[in-house]
Structure formats: structure tokens, C-alpha cells
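Participant: Quick one: the structure is below, questions incoming.
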Amino acid sequence: MGVPDKYAMKHLGQSSPNMIKDIYQLLYASKEKEVAQTVSDAFSEIYETKYDTGNKKCQ
């Protein structure tokens with residue numbers, strides 16, 4: 001939800017961010033897909049740059 005850990009800790013009465021991250025952290029399908037696409041795009045760009053046969057530096 002974009003709330004910084006320190007604020008959530010104070011509001012929930014937690015002494016450490018571990019409790020928040022272990023118990024209250026949820027994965028949202030839409031965000032999970034977005035992150036997966038971001039990682040996939042980054043690796044695709046690296047792969048295409050490294051193995052671009054049209055790139056004289058890579059041959």
C-alpha cells in the first residue's frame with residue numbers, strides 16, 4: 001500500500017519490521033505479473049544485446 005515500515009510499525013505496535021514483513025506482506029497477482037515482466041524484459045534486453053549477431057562488437 002506504499003506505507004513506510006516505520007509508520008506501519010508504530011500504528012500496529014510492532015517493535016521490528018520483521019513482523020510486518022513476515023505476517024502482513026501479501027503478494028498481489030497484478031503486481032507479481034508486473035514484476036515478472038520487468039525482470040523478463042531486463043534479461044531479454046541483456047540477452048539480445050550480448051548475442052546480437054548484427055552487433056560487430058559481439059562477433
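The values are calculated or read from the model by the stated rules, or taken from the named source; none is laboratory data. All values reported here derive from a predicted model rather than from experimental measurement. Note that we place each Cβ from the backbone using ideal geometry, even for glycine, and neighbour counts take in every protein chain shown. Just so you know, the surface numbers come from the protein's heavy atoms only, side chains and all, with ligands and any DNA or RNA stripped out. Shrake-Rupley method; radii C 1.70, N 1.55, O 1.52, S 1.80 Å.
Participant: For an R0 of 35 angstrom, estimate the FRET efficiency from the Cβ-Cβ distance between Met19 and Ile46 and round to the nearest 0.05.
Facilitator: Efficiency at R0 = 35 Å is approximately 0.45.
Participant: Could you report the accessible area of Lys33 in Å², rounded to 10, computed with a 1.4 Å probe on the protein chains as they sit in the structure?
Facilitator: That residue has around 150 Å² of solvent-accessible surface.
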